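Just so it is clear, none of the values below were taken in a lab; they were calculated from the coordinates. As the structure is a prediction and not an experimental result, all values here were calculated from the model. Note that we place each Cβ from the backbone using ideal geometry, even for glycine, and neighbour counts take in every protein chain shown.
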Amino acid sequence: MKQKLADMSDALDRICQKAAIGFFFFMVVLILFQVVGRYIFQAVPAWTAEAARYCMIWGGLLGATSAFKTNADPRLFQPPATRIKWINITATALRTISTIIFLAPVLYYCDTYLVRTFHRTTPTLEIRTIWVSIAIPLFILIIFFHMACDLICGDASKKSNGYS
Amino acid sequence: MFWLIVTLCAVFIASGAAMAYVFGTAAIMAFWATDNLKYLAIIPQRIFSQLDVFALMAMTLFIMAGEIMNRTGVTRNLVHFSMSLVGRFKGGLGHVNILTSVFFAGVSGSAMADAAALTNTLVPAMQEQGYTRRYAGAVTAASAVIGPIIPPSIILIFYGALMQVSIGALFAAGIIPGITLALFLIIANTFFAHRHNHPGGKTEDIPPFLPSLRKALPALSLPVIILGGIVFGVATPTEAAAVAVAVAVGAGYLYGGVNKDTMFKSFQRTAILTGSIFTIMAASACAAWIGSLEQWPQKIAGIVTGSGLSGIWFLLLINLFFLVVGMAMDIALALAILVPLLGPVAIAQGTDPIHLGIILCLNLTIGLITPPLGGCLIVVSAISNVNYWTLAWACLPFLLVELAALLVITLVPDISLFLPRLLGYL
Amino acid sequence: ADIKIALDCPPDPDHCGTYYWSTVFADHLKESGLAATLYPADALGGEEEKLDQVSQGLLEVSNSDVSKVGQLDPTIMGIGLPYIIDSVAQMDRIIESTDFMNLINAKSAKHGVRTLAVIPVGGFSGLANTKHPVRTPADLKDLRMRAMDNIQVQILKSWGANTVVIPWPEIYNSLQTGVADGYLNSAIVPVMFKHTEILKHFSDLKLAAPIRVTICSETWYSGLSKKDRGIVDAAVAKANAANREWLKGSVQRDLDELGKSGVEVYQNTKEERDQFARLVRPIYKDLVPPEIAELFIKLADATK
Ligand code: NA
Ligand code: NA
């Protein structure tokens, strides 16, 4: 059971990373298309810059979940590395509380926010803003899922930094 | 209440919580402490708007270009070529790092984004030549401060529009202080190079010039295309960054370094680094908003203007104030709120508005490498994988040097005003 | 409770029409015993955020971009169509002679946003560029014009210009390096943003009234006591009157300041302007929904 949860968290992270990579790839392509369009075709569609920006937001927020999962976020002090159990438990509890205090209120207010952005359209791409704004609650939900898996599974989900 | 929040944050930091989450926690608690909980409803849009910025793409793209260059051999060949030029000087690559910042930074308007972009190529390159990571990181963070002073600079453009002074004059005014700052840093780098026996010097095996130039040609196209693209107006800075990615892939291909694995790893790390920085930006955006609502900057500015100080003492107090502001606030926002409040007072006391612009710009960016909160320090530490305090400590000598330069630039207006006068702006 | 008023430009009453409007508005509120605070531009967030906060009732009053409010209800966009009206006086006749404010607020009020005032911030917009005077659409052939959004792209294309969409903060660099050669705006804008150091020519095309809007939270407004709402309405009326008075002096002064800062101002003749108008009028229905285009064509004809 524990192992299964840990595997799910890892699998979700791999999906997020691949999706983020895809978004960033499209971002590069769109901006290059804009430069080429301006000089070769003398005209650029108005929406490329905006679409590229939205790719960045999606890619960056998915990347942020991966940064959380792989402990890549910068910190002033590393989590305590002792064998004394109560210190480790307290530290983990504190980190969990801090994550919840920051992100839970954001998630809580996302429902009405999504409704509002459903009624707005983006300036040049003319899609509903919700297709971008939904990345925010999704980013929080994924982080909460990773955090819960980590709390339940303990060592089963320990993963080193995702990059070297 | 204030101390309760500070204590809690200290405890969270000690537990190993990431900076972004501690900032975010502090911001949320500030909403609560100031009895503004209902305003938490603005946060999702606040975060969205903070990230939905065209110029922010330049950061992501430059990080990406750096990742690709590092993995495909482009960086190695560039460094090799630089060594053939500056190898006879001790600490030569440190100088290269500083000079790169002089030309390169300040285009995106966010010194943090510029630092992020430069760290990714320069730190691994210096490390490969035998510098410590922390020293390489410190030089990069410290020299990122020069970028916004030397044109092009979105920060100076912004100040010029706010204060209705000539942007051309501001650009001209920034050049000598920027070079002064660069010289100060180069002297400091030379000193450390001898003290810590950094690579370079007469005994070094200097790579022969022509062969390394030939090998570096594909790699050299990168700085040429990026700088040329921006200077000659082929592309905006953001577009130049995307072109840099494409050119990095092309050059990397010529070096035989482009394959599925290197590309995947480059994009993967770009995603994770950008994500980390996004979380920090989201958190500090929430903190800045509650500060704005409660008008904290205005209240502190009121203390500054009400201090009864005048002339040079008033300028020094402004220095101190903006240094602290630069640590915590977005530079453009800080300018928009504070310049209309403090600018007229300083000018009424006889400060030249051009001189003031240079001082403020320097102050805000130096704040970025000032612990405990300096944004550049956090970003450089994230990307270079150097512990925050180690980096801050390594950066300290440079910080002191820059504060000394700031003092000189504040006390001697002619350093800033000489060029604008010469060019007939004043 | 405190009435928060979010500004959209630096505190410069000479150049910035909305700032002047807001000071008159806030002063009247304060004189009548209501508490009001002006928040500097961007202090509470950009355009998107201010709209979001107003619609939630968390920000009472905001100086905002017309196209942002247009997201909720495009009716208001009709007044900004190029060459639909020829003076601010005509705009005011439309506002007074019709049920205009209710018309533009019908849909947006459901999203919690009410437009309190339509504020012209300078003379009718023209075309600024770095290369040469623009007399007729034919002069646009070799210019790459910066467009703000899809609407401007279509307007510029109807005249045969090349367009490039560039966000406002990158404009100075783009003009300096030639990524863009010019843009459409009121004469005061190049002065305010110091683009006069790069721009060389301004053609007074008298395209459309450069308008900003003051929006307020519907929840807040409808929750006001009868007395307080009276005070707010009076403050709006007073600020509107002050704005129109301010505008009289500012139109010529803006053009003078533009000329003084080294930009050559060209006054297009009626015939030249008609050439631009003839090309752009047929695409009204592409710029705004067709029924809105029709409505405003009718309103404009009735108030000529
Ligand atoms: Na620069
Ligand atoms: Na550097």
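Could you work out the mean count of beta carbons from other protein chains within 10 Å of each residue's beta carbon in B:158-168?
Details: counts 3, 0, 4, 7, 8, 2, 7, 1, 4, 8, 4.
If you average over the peptide's residues, the count of other-chain Cβ atoms is 4.
Based on the Cβ-Cβ distance of A:Trp131 and B:Arg88, what FRET efficiency does E = 1/(1 + (r/R0)^6) give at R0 = 60 Å, to the nearest 0.05? Present the calculation step by step, with values, prior to reporting the outcome.
Details: r = 57 Å, r/R0 = 0.95.
Efficiency, from the Cβ-Cβ distance: 0.60.
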Take peptides C:251-263, C:134-146 and line them up by average Cβ neighbours within 10 Å, highest first, as a rough protection proxy. C:134-146, C:251-263
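Please compute the net charge surrounding A:Ala93, taking Lys and Arg as +1 and Asp and Glu as -1 over other residues with Cβ under 14 Å from its Cβ. Don't skip to the end; give the middle numbers.
Values: positive: A:Lys85, A:Arg95; negative: A:Asp150.
That sum, taken over residues with Cβ under 14 Å, equals +1.
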Taking +1 at the Cβ of each Lys and Arg and -1 at the Cβ of each Asp and Glu, which of B:Ala65, B:Phe48, B:Phe398 sits farthest along the dipole of chain B towards its positive end, judged by Cα position relative to the Cα centre? B:Ala65
Lysines within cross-link reach of B:Lys90: Cα-Cα under 20 Å, excluding same-chain residues under 8 positions apart? B:Lys202
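Can you work out the FRET efficiency for the pair C:Ile297 and C:Glu264, with r the C-beta to C-beta distance and R0 = 45 Å, to the nearest 0.05?
On the way: r = 34 Å, r/R0 = 0.76.
About 0.85, to the nearest 0.05.
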Quantify how strongly other chains surround peptide A:104-110 by giving the mean number of their Cβ atoms within 10 Å of each of its Cβ atoms. 5
Given Cβ charges of +1 for Lys and Arg and -1 for Asp and Glu, the option among B:Val74, B:Ile146, B:Gln295 whose Cα lies farthest towards the positive end of the dipole of segment B:43-422 is B:Val74
Partner chain Cβ atoms within 10 Å, averaged over the residues of A:91-98 - can you pull that number for me? 6
Quick check on my link table: of C:Lys68/C:Lys248; C:Lys68/C:Lys304; C:Lys110/C:Lys206, which ones sit more than 32 Å apart, alpha carbon to alpha carbon? C:Lys110/C:Lys206
What's the angle, to the nearest 10 degrees (0 to 90), between helix B:209-231's Cα axis and the longest principal axis of chain B? 30 degrees
I want to make sure I understand the PRE zone here: with the label point 7 angstrom from the Cα of B:Val324 toward its beta carbon, which residues in segment B:34-50 have backbone N atoms less than 18 Å away? none
Dipole magnitude (debye, nearest 20) for the protein assembly as shown, charges at Cβ of Lys, Arg, Asp, Glu: 2020 debye
Distance in nm between A:Ala148 and C:Glu31 label points, each 7 Å along Cα→Cβ, equals 6.0 nm
Options B:Phe184, B:Gly343, B:Ile13, ranked by Cα towards positive dipole end of the protein assembly as shown, top entry (Cβ charges): B:Ile13
Tilt relative to chain C, helix C:270-280 - C-alpha long axis, 0 to 90 degrees, to 10: 80 degrees
Leaving out same-chain residues fewer than 8 places away, which lysines sit with a Cα under 21 Å from that of A:Lys85? A:Lys2, A:Lys158, A:Lys159
Burial order of peptide ranges C:281-288, C:183-190, A:77-84, A:53-60 (average beta-carbon count within 10 Å, highest first): A:53-60, C:183-190, C:281-288, A:77-84
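Given R₀ = 41 Å, FRET efficiency for B:Met1-B:Asn259 by Cβ-Cβ distance, to 0.05?
Values: r = 56 Å, r/R0 = 1.37.
FRET efficiency, B:Met1 to B:Asn259: 0.15.
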Under a point-charge model restricted to the Cβ atoms of Lys and Arg (+1) and Asp and Glu (-1), what is the dipole moment magnitude of segment B:43-422 relative to its Cα centre, in debye to the nearest 20? 800 debye
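Taking the Cα centre of chain C as origin, work out the dipole magnitude from +1 charges on Lys and Arg Cβ and -1 charges on Asp and Glu Cβ, in debye rounded to 20.
On the way: 33 positive and 40 negative charges, 104 e Å.
Here chain C has a charge dipole of around 500 debye.
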Show that you can apply the helix-only estimate: for chain C, add -39,500 (n - 2.57) for every DSSP H stretch of four or more residues, divide by all residues, and state [θ] at 222 nm to the nearest 500. -13500 deg cm²/dmol
For helix C:88-97, what angle does its Cα long axis make with the longest principal axis of chain C, in degrees from 0 to 90 and rounded to 10? 40 degrees
